[in-house]
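For reference, the structure discussed in these notes is given below.
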Amino acid sequence: CLGSLSPELAAAKGGLFKNKVAASMRSYFDSDSRRIRHAEAVAAQAEIIGKQEPGGDMMVIMACAYLHDIGIKEAERKFNSSLARYQHSEGPPVARELLTALKAQPELIDEVCDIIGHHHSPRETETVNFKVLYDADLIVNMAEEHQEKPLSQQQLDKVISLMLTEAGAKQARAALQNIVR
């Protein structure tokens with residue numbers, strides 16, 4: 001064993017892994033540009049929040065961000081629905097296959113699959129990694145949902161109250177302020 005990686009080398013390794021996960025997601029979704037854009041937007045928000053929120057693992061956070069909705073294709077194929085419960089059941093096997101092909105560590109794969117398997121439904125206690133993904137996805141979902149119909153200040157305050165992290169609340173205020181009427 002040569003010891004731990006320098007922070008610079010660890011960051012480079014994490015960046016390469018993140019890029020591979022993103023490419024794998026794009027390949028899986030193929031021509032579904034809406035789903036690709038959504039995953040990329042969630043990843044962008046997760047990266048901002050994850051870098052501000054102490055205690056998270058950016059490799060797990062970014063893998064979750066890119067793959068959180070990966071079960072939608074199978075859910076729609078099997079159940080003709082993209083309901084959360086179907087995404088939660090169908091996403092982990094797809095994510096496991098993609099991450100295994102990328103030679104990710106088993107512990108990372110297990111955590112990513114656990115998070116993807118309930119990413120719309122927080123449990124009583126959650127990891128920082130889950131919380132960051134949850135907040136990032138909520139921000140992007142709200143931004144997408146309210147492009148045409150802006151949020152009121154009261155609605156924005158409600159969304160911010162749902163954030164699970166301080167960094168998520170701060171980012172929600174910044175990211176969603178431009179869609180408040």
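A few comments on the model shown:
- Of all residues in region 48-64 being open to solvent by 50 Å² or more (accessible area, probe 1.4 Å) and part of a helix (DSSP H, G or I), the one that is farthest from residue 171 (Cα to Cα): 59
- From 121, 81, residue being in contact with a helix residue (DSSP H, G or I) (Cβ under 8 Å, 6 or more places away or on another chain), part of a loop (DSSP other than H, G, I, E, B), within 22 Å of residue 50 (Cβ to Cβ) and among the hydroxyl-bearing types (Ser, Thr, Tyr): 121
- Residues in region 145-165 that are closer than 10 Å to residue 179 by Cβ and either exposed (fewer than 11 other Cβ atoms within 10 Å of the Cβ) or among the acidic types (Asp, Glu) (or both): 145, 147, 148, 149.
- Per the conditions (1) open to solvent by 10 Å² or more (accessible area, probe 1.4 Å); (2) among the acidic types (Asp, Glu); (3) closer than 15 Å to residue 66 by Cβ, the sole criterion not satisfied by residue 126 is (3).
- When region 65-78 is filtered for residues that are in a helix (DSSP H, G or I) and either among the aromatic types (Phe, Trp, Tyr) or under 19 Å from residue 27 (Cα atoms) (or both), the ones remaining, listed by number, are 65, 66, 67, 72, 73, 74, 75, 76, 77.
- Residues in region 79-102 that are surrounded by fewer than 17 Cβ atoms within 10 Å (Cβ to Cβ) and under 17 Å from residue 28 (Cα atoms): 82, 93, 97, 100, 101, 102.
- Verdict on residue 111 being among the acidic types (Asp, Glu) and within 14 Å of the chain's Cα centre (by Cα): yes
- Some residue of region 29-51 being in contact with a Phe, Trp or Tyr (Cβ under 9 Å, 6 or more places away or on another chain) and charged (D, E, K, R): yes
- Number of the condition not met by residue 172 [criteria: (1) loosely packed, with under 14 Cβ neighbours inside 10 Å; (2) over 28 Å from residue 76 (Cβ atoms)]: (1)
- Unmet requirement for residue 138, which otherwise passes all of (1) within 22 Å of residue 48 (Cα to Cα); (2) at pLDDT below 95: (2)
- Meets criteria (of a type in the set (A, V, I, L, M, F, W, C), over 18 Å from the mean Cα position of the chain (by Cα) and surrounded by 13 or more Cβ atoms within 10 Å (Cβ to Cβ)) for residue 180: yes
The values are calculated or read from the model by the stated rules, or taken from the named source; none is laboratory data. Everything quoted here is computed from the prediction, not taken from an experiment. Because the Cβ atoms are built from the backbone with ideal geometry, glycine has one as well, and the counts that use them run over all protein chains shown. Only protein heavy atoms, including side chains, enter the accessible area calculation; ligands, DNA and RNA are left aside. Shrake-Rupley method; radii C 1.70, N 1.55, O 1.52, S 1.80 Å.
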